[in-house]
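The values are calculated or read from the model by the stated rules, or taken from the named source; none is laboratory data. This is a predicted model, so every value here is computed, not measured. Positions of Cβ are backbone-derived with ideal geometry, glycine not excepted, and every protein chain shown enters the neighbour counts.
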Amino acid sequence: MTARLVAGRIGLVAAVRAPFGAPVQDALEAIDAKRRADGRWNANAAKPGEVHFTTEKAGKPSRPGTPSALRALAACRPEAL
């Protein structure tokens, strides 16, 4: 599962104010560890298989991934922002 999907799902858990367990804390740490020095997250490398078009270059800042990660961190760890 990509960091963007994990971040989105953590945001959903936070929206319903469900308690966070150890797996969610581990996921938050993994998301936070991938943050660049400028506060953004890189796009992931393309998965093998048929690709119809690419929207982002791997290793460059991700436009949809960064807001997802920020929402997840803001919902669970506001002090981390």
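Screening the stretch 28-65 for residues that are under 15 Å from I10 (Cα atoms) and at pLDDT 80 or above and picking the one that is farthest from the chain's Cα centre (by Cα) gives E29. Scanning the stretch 22-73 for residues that are without any contact (Cβ under 8 Å) to a residue 24 or more places away in the chain and of a type in the set (K, R) gives K47, K57, K60, R63. Condition check: modelled with pLDDT under 80 and within 11 Å of I10 (Cα to Cα). Does A72 satisfy that? So A72 fits the description; yes. Here R9 meets each of (1) modelled with pLDDT of 75 or more; (2) surrounded by 11 or more Cβ atoms within 10 Å (Cβ to Cβ) with one exception, condition (1).
For A18, all conditions in the list (1) outside any loop (DSSP other than H, G, I, E, B); (2) at pLDDT below 70 hold save one; what is the number of the exception? The number of the failed condition is (1).
So is K47 part of a loop (DSSP other than H, G, I, E, B) and either of a type in the set (D, E) or more than 30 Å from G21 (Cβ to Cβ) (or both) or not? So K47 does not fit the description; no.
The set of residues in the stretch 24-44 being part of a helix (DSSP H, G or I) and either farther than 14 Å from R71 by Cα or not small (G, A, S) (or both) consists of V24, Q25, D26, L28, E29, A30, I31, D32, A33.
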